[in-house]
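What follows is a short report on a single structure.
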Amino acid sequence: MNQKKSDISRTQILDAAAKLFRKHGYATTTLRLIANEANLKAGSIYYYFGSKEEILGEVLDIGIQRIIQAIQDGINQLPANATALDKIRVAIREHLHTLLKYGDYTSANIRIYKQIPSNVRQKHRALRRTYAEEWDQLLNDAQAQGEIRKEVDITLLRLFLLGAMNSAAEWYNPRRGKLEPLFEAVTEFFFDGIKSIPDKRQARDQLD
């Protein structure tokens with residue numbers, strides 16, 4: 001199905017705004033700059049959006065919604081006997097993949113969240129909370145199944161994991177290679193840690 005011209009222009013505005021919000025922040029990005037980046041006349045933006053705050057709200061929502069949808073789709077493709085850890089592996093992969101694929105939207109969400117007007121932040125907070133709750137459910141399920149130690153604080157674990165993954169939007173360089181090794185490394189760090197564990201023979205030698 002072909003997109004309507006109005007839909008294309010609306011997407012152009014959102015893409016341009018996400019790019020500028022990420023690069024320059026919220027306060028410095030004006031509607032005129034957004035229009036120039038989208039190759040539109042400044043006044044034409046008001047045909048699609050009532051204000052810069054409205055554009056910002058949609059950019060923020062899209063950044064989170066795309067990640068939520070990608071994770072849900074990935075988990076739905078798993079077999080019925082998939083474990084909680086299988087689902088977390090998929091969630092890590094899809095979070096990172098979507099984060100880096102739609103970098104302007106997701107990075108804007110991460111980078112400028114504390115700069116934005118409180119009324120916009122308040123509207124968007126419910127969606128962020130929904131995403132956090134999805135992760136809490138995955139992690140709580142893994143803990144209930146004995147795949148995460150029972151003494152682990154799930155809220156702290158979720159904050160640590162999401163914070164670590166979100167930072168990739170700032171340092172990841174796509175020219176350095178494919179994404180798959182990154183997914184595997186983050187998953188390995190999360191599940192297995194980084195501490196070297198001696199094999200059984202080494203352990204026996206130490207006891208002799």
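Quick notes on this one:
- Residue in region 74-95 that is farthest from Ala142 (Cα to Cα), counting only those that are surrounded by 13 or more Cβ atoms within 10 Å (Cβ to Cβ) and without any contact (Cβ under 8 Å) to a residue 24 or more places away in the chain: Gly74
- Residue satisfying all of: in region 96-111; open to solvent by 20 Å² or more (accessible area, probe 1.4 Å) and part of a helix (DSSP H, G or I); nearest to Leu127 (Cα to Cα) among these: Ile110
- Region 130-187 - residue that is among the aromatic types (Phe, Trp, Tyr) and part of a helix (DSSP H, G or I) and, of those, farthest from Ile71 (Cα to Cα): Trp171
- Checked against (1) closer than 18 Å to Thr187 by Cα; (2) assigned to a helix (DSSP H, G or I), Ala82 passes all but condition (2).
- Of Ile64, Ile34, Ile13, all but one fail to be surrounded by 17 or more Cβ atoms within 10 Å (Cβ to Cβ), free of Cβ contacts under 8 Å to residues at least 40 places away in the same chain and of a type in the set (A, V, I, L, M); the exception is Ile34.
The values are calculated or read from the model by the stated rules, or taken from the named source; none is laboratory data. Just so you know, these numbers come straight off a predicted model, no measurement behind them. Quick reminder, even Gly has a Cβ in these numbers, built from the backbone with ideal geometry, and neighbours come from all protein chains shown. The accessibility values were calculated without ligands, DNA or RNA, using every heavy atom of the protein model including side chains. Shrake-Rupley method; radii C 1.70, N 1.55, O 1.52, S 1.80 Å.
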